[in-house]
1. What's the carbon and sulfur percent of the range 139-205's accessible surface, probe 1.4 angstrom, rounded to a whole number?
2. Using the Cα atoms of the range 146-265, I'd like the radius of gyration and the largest Cα-Cα distance, Dmax, both in angstrom.
3. So with the 1.4 Å probe, I'd like the accessible area per residue for the chain, rounded to whole Å².
4. Please give the FRET efficiency for residue 393 paired with residue 248, using the beta carbon to beta carbon distance and R0 = 60 Å, rounded to the nearest 0.05.
5. Using the Cβ atoms and a cut-off under 15 Å, what net charge is assigned to the surroundings of residue 197, where Lys and Arg are +1 and Asp and Glu are -1?
6. Where the Cα atoms of the range 308-357 are projected onto their three principal axes, how long is each span, largest first, in whole Å?
7. What do you get when you divide the Cα radius of gyration of the chain by 2.2 N^0.38 Å, with N the number of residues?
8. About the Cα centre of the chain, what is the dipole size in debye to 20, counting +1 per Lys and Arg Cβ and -1 per Asp and Glu Cβ, all else neutral?
Amino acid sequence: MTSFADEARIAFDNLADRTSDLFNPTLRLGVTGLSRAGKTVFISALVHNLLHAGRLPLFSPQASGRIARTYLEEQPDDAVPRFQYEDHIARLLDERDWPNSTRAISELRLTVEFESASGWSRMFSRGRLSIDIVDYPGEWLLDLPLIGKDFAAFSAESIQRAKLPGREAIAGPFLQLLGEIDPNAAMDEPTAQKLSRAFSAYLTAARADNTALSTLPPGRFLMPGDLEGSPALTFAPLPPATDGPYAKNSLGAVLDRRYEAYKTIVVKPFFRDHFARLDRQILLVDALQAINAGPEAVRDLEIALSDILRCFRPGRASWLGSLLTRRIDRILVAATKADHLHRESHRRLEAIVRRLVEGAVKRADFSGADTQVIAMAAVRATREARIEDNGDDLPVIVGVPQAGERIGGETFDGRTETAIFPGDLPKDPTSLFMDMDGHATRADPIRFVRFRPPKLERTQDGLTLSLPHIRLDRALEFLMGDRLR
Ligand code: GDP
């Protein structure tokens, strides 16, 4: 249930949003995904392509020449950090290096002035739409289930997950420390910090490239932002006291209180102040990383995506459901970094991601929300070619691998253009998933190296330069094309 203060605050925010909407139509677009899914790169490429009339043949307002002017404006929320567009673009274009990734929430307002598609409306006025892009870590959405869980339930679940087979190496040190601790002993700050650091180290290790597990709240332990070191972020799950509640002023009692503070100070305000005001949402998914890490990681990604999607359509009776006065009506699930594969595999990548989110879409009530899945590269760092290898005609991708990247015995210098045969994704996505008994055939890994960002391309008019991409225009059409008619 929402508190009275929550409700008053939301009513006020919504009234303010609606009033300003009357004078200045706005679209609040949420951009999320787990860390390193490609949020920063996506927003930078989207804004650059719109500001510089990029090549976007499938984005109808641009393709039909109806966009009159596009510019950045002061964002509406003074308390939210601004998305550092200029820094990110400078890094992409001038240094041909990737920008720093999303660490916390940020916002940017892009305003588009356009001619209406119908001649009738065109006679009267020029349209104007402000797009408020809200960038936030997908990990934060994984915290939603915590709202309904007390410390005992959170602890039991987290400890059970840490003990899952295959997690010994990453969870071992935390579990060992936990074994040495008496939660009923008097509170001692160094012990609380040590435990919290060990828990956090385990959550971070779970996200590493070769493990790629994704389903581990609390989200802010991975992305602490300016709350790092605060009591609300210095806790860890604990075993229950043997008889009844934890003793007064014990370690258990204090960490229990801090867990509740985390929910009140961190989790609820994010959903209330930011999430509840979104109109549309793109969810970026790095499926290739999970596929390469193996079936465990694929299953884990599936669970994380399902938890994330659940936030977009919460039951009306739930805490979040009762908060939402507007509902997200379009959700785009985009498999990112498709430029690591030859075009022939893009459909397969789409099929895999569709399969990843299928269960979640079926389970949640998605009526009223249009959901699409595409394979995309916000920035295309490679081009396609074919080479002959022992009589075989192989589809390859060509780009400049980043310095230090390796394939087989070869280490790249960051300057040389190289053709790579990435391998094929399986025709049948089912083979990547575990069956009911936890069995799966491990797919051949994709030959995956990180490429440097590309040079700018000339657009069709030959005058402007724009960042190349794969299907960014389709994404834009789905996310905002109808609002620019
Ligand atoms: P975030 O954590 O979601 O903000 O992720 P980023 O946008 O920072 O992306 C993480 C990394 O993924 C980047 O540093 C790039 O190496 C890679 N990446 C993201 N998008 C693309 C893309 O469209 N193409 C290619 N080749 N690499 C990408």
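The values are calculated or read from the model by the stated rules, or taken from the named source; none is laboratory data. Values in this document were obtained by computation on a predicted structure and should not be read as measured data. Neighbour counts are summed over all protein chains in view; Cβ atoms, including those assigned to glycine, are modelled from backbone coordinates with ideal geometry. Keep in mind that these areas ignore ligands, DNA and RNA; they rest on the heavy atoms of the full protein, side chains included. Shrake-Rupley method; radii C 1.70, N 1.55, O 1.52, S 1.80 Å.
1. Values: 1850 of 3180 Å².
Within the range 139-205, the accessible surface is 58 percent carbon and sulfur.
2. 13.6, 42
3. 45
4. Details: r = 74 Å, r/R0 = 1.24.
E between residue 393 and residue 248, to the nearest 0.05, is 0.20.
5. Details: positive: 194, 220, 258; negative: 180, 188, 189, 228.
Residues near residue 197 contribute -1 overall.
6. So the three principal-axis extents are 45, 17, 13 Å.
7. On the way: Rg = 23.8 Å, N = 485, 2.2 N^0.38 = 23.1 Å.
Ratio of Cα Rg to 2.2 N^0.38 Å: 1.03.
8. Values: 63 positive and 67 negative charges, 207 e Å.
So the dipole magnitude of the chain works out to roughly 1000 debye.
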